[in-house]
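Down below is the structure, laid out as structure tokens.
The values are calculated or read from the model by the stated rules, or taken from the named source; none is laboratory data. Not measured: the values here are computed from a predicted model. Here Cβ is always computed from backbone atoms with ideal geometry, including for glycine, and neighbour counts include all displayed protein chains. The accessibility values were calculated without ligands, DNA or RNA, using every heavy atom of the protein model including side chains. Shrake-Rupley method; radii C 1.70, N 1.55, O 1.52, S 1.80 Å.
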Amino acid sequence: MIRVENVSYHYKKGKNILKNINLNIPDGETVVIMGKNGSGKSTLGKLLSGIIKPKDGKITMDDLDIAKKENKEEIRKKVGIVFQNPENQIIFNHVEDEVSFALKDLEKEEIQKRIQESLQVVGMKDKIEEDLYELSLGQKQRVIIGEILAKQPKYIIFDEPTTMIDSKGKEKIYQIAEKLKKEGYTIIYITNMAEEMLLADRIILLQEGEIVAEIRKEELANELEIFEKYDIKIPMVLQIIQKLKQEKIKISLTDYSVDELTDKLKEMIKR
């Protein structure tokens with residue numbers, strides 16, 4: 001479990017980017033952190049990954065204080081982070097070299113096993129011999145996710161991973177996130193894209209460095225006014241549900257997928 005207790009953060013002598021954040025993320029949960037630009041969501045991601053340390057308060061990962069130097073290596077093994085631009089994370093030209101970079105202390109057979117398995121998960125196994133710089137941005141991002149998976153972390157942070165990727169590439173990232181969720185990874189997904197909130201078990205809304213709302217996915221249809229209040233766009237499926245509700249037509253969904261909505265509407269028509 002990740003515990004965030006009374007955490008605040010500011011850059012040098014600037015104003016607080018985050019203010020008194022309290023948050024628990026249980027093992028196996030997918031949390032989507034949303035907010036407008038400047039809300040502090042990416043800063044929170046860097047804090048959770050251990051890249052930066054809290055100015056005030058405390059963050060623990062499996063009871064390890066991430067701010068303590070003696071815990072640095074253990075924290076690094078437990079968590080991986082994927083940023084917006086995969087090219088900023090690439091070190092090597094070759095796919096296999098990139099994925100194997102963090103595995104140098106392992107036996108050769110184990111390294112090969114992990115490379116093959118992680119690239120299989122992200123659908124890039126057939127690109128193992130490729131030059132990374134000849135791949136699309138979406139493919140590069142999947143290689144970076146594969147590199148992180150090869151380290152076998154417990155926690156994965158996605159910091160707006162689809163911002164620079166086309167719609168087809170976005171869909172592949174969503175599929176990977178869903179797959180990892182089913183496999184039991186704890187996922188922190190940072191975004192300002194409406195459709196991506198549907199990946200969540202729980203949605204955290206940030207506004208000017210503060211948590212202003214926490215919403216379970218199953219409660220989404222009843223909490224739409226919160227998104228309106230903070231001027232956050234909602235997914236198309238929820239927009240349709242909202243319109244139907246205004247017409248006194250109630251539809252209850254769990255996954256909020258287009259297929260699920262279509263099936264519910266078909267059932268209503270048959271009645």
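Please return the ranges of helices (runs of 4 or more DSSP H) entirely within the range 72-131 where 3 or more residues are open to solvent by 30 Å² or more (accessible area, probe 1.4 Å), closer than 30 Å to THR60 by Cα and free of Cβ contacts under 8 Å to residues at least 60 places away in the same chain. Before the answer, list the steps.
Numbers: elements: 72-78, 95-100, 108-121.
The helices (runs of 4 or more DSSP H) meeting that bar are 72-78, 108-121.
Report, by residue number, each residue of the range 137-173 that is at pLDDT below 95 and hydroxyl-bearing (Ser, Thr, Tyr).
THR163, SER167
Return yes when LYS41 is of a type in the set (Lys, Arg), under 15 Å from PHE158 (Cα atoms) and crowded, with 19+ Cβ neighbours inside 10 Å and no when it is not. Quick ask: steps written out before the conclusion?
Values: of a type in the set (Lys, Arg): yes; under 15 Å from PHE158 (Cα atoms): yes; crowded, with 19+ Cβ neighbours inside 10 Å: yes.
Yes.
Among the residues of the range 234-253, is there at least one that is open to solvent by 50 Å² or more (accessible area, probe 1.4 Å) and within 20 Å of PHE158 (Cβ to Cβ)? Write out each step before concluding.
Restricting attention to the range 234-253, the residues satisfying the condition of being open to solvent by 50 Å² or more (accessible area, probe 1.4 Å) are 236, 239-240, 243, 245-250, 252.
When the remaining residues are screened for being within 20 Å of PHE158 (Cβ to Cβ), the result is none.
No, the range 234-253 contains no residue that is open to solvent by 50 Å² or more (accessible area, probe 1.4 Å) and within 20 Å of PHE158 (Cβ to Cβ).
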